[in-house]
Amino acid sequence: MFKKIGLLLLVFIAVVSLVGCGGGKKAVQIKGSDTMVNLGQSWSEEFMKKHPDIPVAVTGGGSGTGIAALINKTTDIAECSRNMEKKEIEIARSKGVDPYETIVGNDGIVVVVAPENPVNKLTIQQLSDIFTGKITNWQAVGGPDKEIVALSRDRNSGTHVFFLEHVVKLGKKGNNNEFAKGVLMMPSNQAIVEEVSGNSAAIGYIGLGYLNDRLKAVAVGKTVAGPYITPSIKTVGNKTYSVSRPLYMYTNGVPSGEVKTFIDFVLSDEGQKVVLDMDFVPIR
Amino acid sequence: MRRKLFERFVERAIFLSGIAAVILVVLIFVFLLKESIAFFSQVNFFTTLFNKDWYPISEPPKFGFLPLILGSVFVTFGAIVIAVPFGVAAAIYISEVAPSRIKDILKTGIELLAAIPSIVLGFIGIVALAPLIKYVFRLPSGLTALAGSIMLAFMAMPTIVSIVEDALTSVPKSYKEGSLALGATHWQTIRRVILPAAFPGIVAAVMLGIGRVIGETMAVLMITGNAAILPHSLLQPVRTLTATIAAEMGEVIQGSLHYYSLFGIGFVLFVITFFINLMADMFLHRKRF
């Protein structure tokens with residue numbers, strides 16, 4: 001009996017030490033925004049083709065999770081679909097981490113409705129009124145007499161925060177607008193796609209990369225007079241489409257060593273081509 | 001000598017495993033309490049509990065638990081109303097009526113139901129159930145408390161069926177024989193003798209079913225719409241306690257009041273499930289007559 005247990009233990013120790021030896025090289029750790037996790041994955045795949053000696057590991061979890069990991073020094077790069085907040089920078093500094101920001105791409109936020117919905121264009125003010133619950137019927141914005149079902153991403157999403165600040169609050173600091181309580185909070189871009197494509201009364205917002213032909217993108221105007229701009233990689237890139245945001249990578253201090261090699265690759269023409277392939281918008 | 005040593009070693013090991021669960025629960029409770037004290041020391045406990053606005057990331061933030069508590073209560077209530085009649089009926093059929101071959105098939109089937117991951121049920125809910133509810137009740141959207149209730153009823157059913165079945169089977173055989181010998185029919189025996197005798201077990205099953213449902217997260221997050229309103233019907237979207245924690249934990253700023261408020265929600269949820277389980281236990285261990 002003891003012999004058997006002893007043997008098992010030996011085998012166990014042998015296996016563990018073998019596994020331990022395998023990972024000799026320290027990988028570049030990337031963690032953060034769910035919007036960017038696929039993008040990060042593609043970058044790392046392309047990067048490792050060129051630099052097989054530098055392993056890169058990418059995980060999601062949300063922008064906040066990435067920043068928390070950067071502060072706790074468990075990741076080298078935090079991917080983030082929003083700015084770091086003042087409070088987060090304070091906490092980071094107090095723990096000896098100096099966040100350094102690099103803009104690595106842009107993302108357009110697309111307002112979508114079902115294809116059979118006759119509404120093609122809305123102003124930012126109308127969007128704000130819809131999501132704050134001031135407008136509750138499609139008739140008020142030139143549609144049929146139907147109750148509007150407004151869909152938002154949940155608060156775990158950088159997209160939610162962006163839409164709240166730039167559309168619901170009309171981009172004005174100190175504005176007290178809030179999402180109406182009746183707005184449905186969806187756990188993912190995909191959940192919004194599912195609900196909007198099957199519901200002619202629904203309206204929601206998603207990342208540009210999630211747009212497909214089961215949905216219709218609404219053209220957005222700053223004033224009633226227009227011009228109304230349809231979101232696309234081109235209009236987001238030349239900043240004529242206003243509901244767009246930068247995508248960030250945060251590092252502890254100015255990047256150096258392998259982390260620098262990786263970020264330089266991300267910013268290179270090759271890296272920015274990956275951005276385009278993934279339906280995001282390159283920085284130039 | 002060696003055998004004796006081994007014996008003692010095994011005894012210790014089993015003892016440790018036995019109390020590990022209890023220690024874990026205590027540790028989790030202490031941790032939750034510690035983190036939620038950081039929240040409840042900055043807000044008034046009762047106004048938070050009964051405030052009806054949940055706007056945690058606004059300026060100033062509003063932490064009202066009432067819509068979330070009501071959301072959980074609505075979904076759970078709906079699920080139990082659906083699951084209990086079906087569950088008890090299924091258990092009666094399995095333990096009293098079904099021939100042994102069908103009994104085996106049914107029991108395996110119900111156990112399989114328990115093995116379906118909740119995210120799969122949530123996915124089925126969002127693509128199949130929600131559109132159906134929208135169509136049947138002519139609602140603007142099918143993402144409602146009712147959709148969550150139906151899916152959670154599926155999840156509570158295995159718990160309810162297996163515990164009720166246990167309770168029915170453990171009713172002494174002499175009760176049944178006595179009743180039949182007095183000329184009662186099979187149904188009369190079940191209704192007047194077996195069910196009353198198994199009643200504490202049935203109540204315990206319902207309680208454990210409630211505990212199972214109120215703590216479920218993934219399926220409700222996907223199909224209840226998550227709007228933090230004060231619901232007054234099952235045909236409205238709701239935001240449950242669990243979905244709120246799951247949805248907001250990923251993006252919360254660590255160390256902020258919002259972060260601690262999520263632990264506050266966790267604490268409220270823990271207290272609720274603790275009391276439900278306690279009640280279930282009291283009924284399970286009540287002395288039978």
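The values are calculated or read from the model by the stated rules, or taken from the named source; none is laboratory data. Here the structure is a predicted model, which is why all the values come from computation and not from measurement. We place every Cβ from the backbone using ideal geometry, glycine too, and count neighbours over all the protein chains shown. Side chains are part of the model used for accessible areas, which takes the heavy atoms of the whole protein and leaves out ligands, DNA and RNA. Shrake-Rupley method; radii C 1.70, N 1.55, O 1.52, S 1.80 Å.
If I ask for residues that are open to solvent by 10 Å² or more (accessible area, probe 1.4 Å) and closer than 21 Å to A:Pro144 by Cβ, which ones from the stretch A:189-200 would you list? Of everything in the stretch A:189-200, those that are open to solvent by 10 Å² or more (accessible area, probe 1.4 Å) and closer than 21 Å to A:Pro144 by Cβ turn out to be A:Glu195, A:Ser197, A:Gly198, A:Ser200. When the test is whether a residue is within 10 Å of chain B (Cβ to nearest Cβ), among the aliphatic types (A, V, I, L, M) and within 25 Å of B:Gly71 (Cα to Cα), A:Met84 does not pass it. Among residues of the stretch A:166-189 being touching a helix residue (DSSP H, G or I) at 6+ places or on another chain (Cβ under 7 Å) and of a type in the set (S, T, N, Q), the one that is modelled with the lowest pLDDT is A:Asn189.
Looking across the stretch A:62-85, the residues that are modelled with pLDDT of 90 or more and among the acidic types (Asp, Glu) come down to A:Asp76, A:Glu79. Filtering A:Ser152, A:Ser94, A:Ser81 for residues that are among the hydroxyl-bearing types (Ser, Thr, Tyr), open to solvent by less than 10 Å² (accessible area, probe 1.4 Å) and more than 22 Å from A:Val275 (Cα to Cα) leaves a single hit, A:Ser152. Has the stretch B:244-256 got any residue that is buried (at least 19 other Cβ atoms within 10 Å of the Cβ), modelled with pLDDT of 90 or more and in a helix (DSSP H, G or I)? Within the stretch B:244-256, one or more residues are buried (at least 19 other Cβ atoms within 10 Å of the Cβ), modelled with pLDDT of 90 or more and in a helix (DSSP H, G or I).
Of the residues making up the stretch B:134-170, those that are buried (at least 23 other Cβ atoms within 10 Å of the Cβ), in contact with a Ser or Thr (Cβ under 6 Å, 6 or more places away or on another chain) and over 18 Å from B:Gln236 (Cβ atoms) number 1. Of the residues making up the stretch A:46-78, those that are more than 14 Å from every other protein chain (Cβ to nearest Cβ), in a helix (DSSP H, G or I) and open to solvent by 10 Å² or more (accessible area, probe 1.4 Å) are A:Glu46, A:Met48, A:Lys49, A:Lys50. Does the stretch A:144-165 include one or more residues that are touching a strand residue (DSSP E or B) at 6+ places or on another chain (Cβ under 7 Å), modelled with pLDDT under 90 and away from chain B (no Cβ under 14 Å)? Checking the stretch A:144-165: not a single residue is touching a strand residue (DSSP E or B) at 6+ places or on another chain (Cβ under 7 Å), modelled with pLDDT under 90 and away from chain B (no Cβ under 14 Å). Among the residues that make up the stretch B:188-210, is at least one of them at pLDDT 90 or above and either under 28 Å from B:Phe40 (Cα atoms) or within 13 Å of another protein chain (Cβ to nearest Cβ) (or both)? Within the stretch B:188-210, one or more residues are at pLDDT 90 or above and either under 28 Å from B:Phe40 (Cα atoms) or within 13 Å of another protein chain (Cβ to nearest Cβ) (or both).
Filtering the stretch A:85-122 down to residues that are among the β-branched types (Val, Ile, Thr) and in a loop (DSSP other than H, G, I, E, B), which residue is farthest from A:Ser33 (Cα to Cα)?
Here is the first cut: in the stretch A:85-122, the ones among the β-branched types (Val, Ile, Thr) are A:89, A:91, A:97, A:102-104, A:109-113, A:119.
Now narrow it down to the ones that are in a loop (DSSP other than H, G, I, E, B): A:97, A:119.
Details: A:Val97: 19, A:Val119: 32 Å.
The selected residue is A:Val119.
When each of B:Ile229, B:Ile276 is tested for being outside any helix (DSSP H, G or I) and buried (at least 16 other Cβ atoms within 10 Å of the Cβ), the lone residue that passes is B:Ile229. Within the stretch B:96-133, can you find the residues that are within 20 Å of A:Val196 (Cα to Cα) and either open to solvent by 60 Å² or more (accessible area, probe 1.4 Å) or touching a helix residue (DSSP H, G or I) at 6+ places or on another chain (Cβ under 7 Å) (or both)? Residues satisfying the conditions are B:Gly122, B:Phe123, B:Ile124, B:Gly125, B:Ile126, B:Val127, B:Leu129, B:Ala130, B:Pro131, B:Leu132, B:Ile133.
The set of residues in the stretch A:219-248 that are on the phi > 0 side of the Ramachandran plot and open to solvent by 30 Å² or more (accessible area, probe 1.4 Å) contains only A:Lys239. Inside the stretch A:133-174, residues that are aromatic (Phe, Trp, Tyr) and under 20 Å from the mean Cα position of the chain (by Cα) make up a count of 2. Inspection of the stretch A:199-217 identifies at least one residue that is polar (S, T, N, Q) and either more than 11 Å from chain B (Cβ to nearest Cβ) or under 16 Å from the mean Cα position of the chain (by Cα) (or both).
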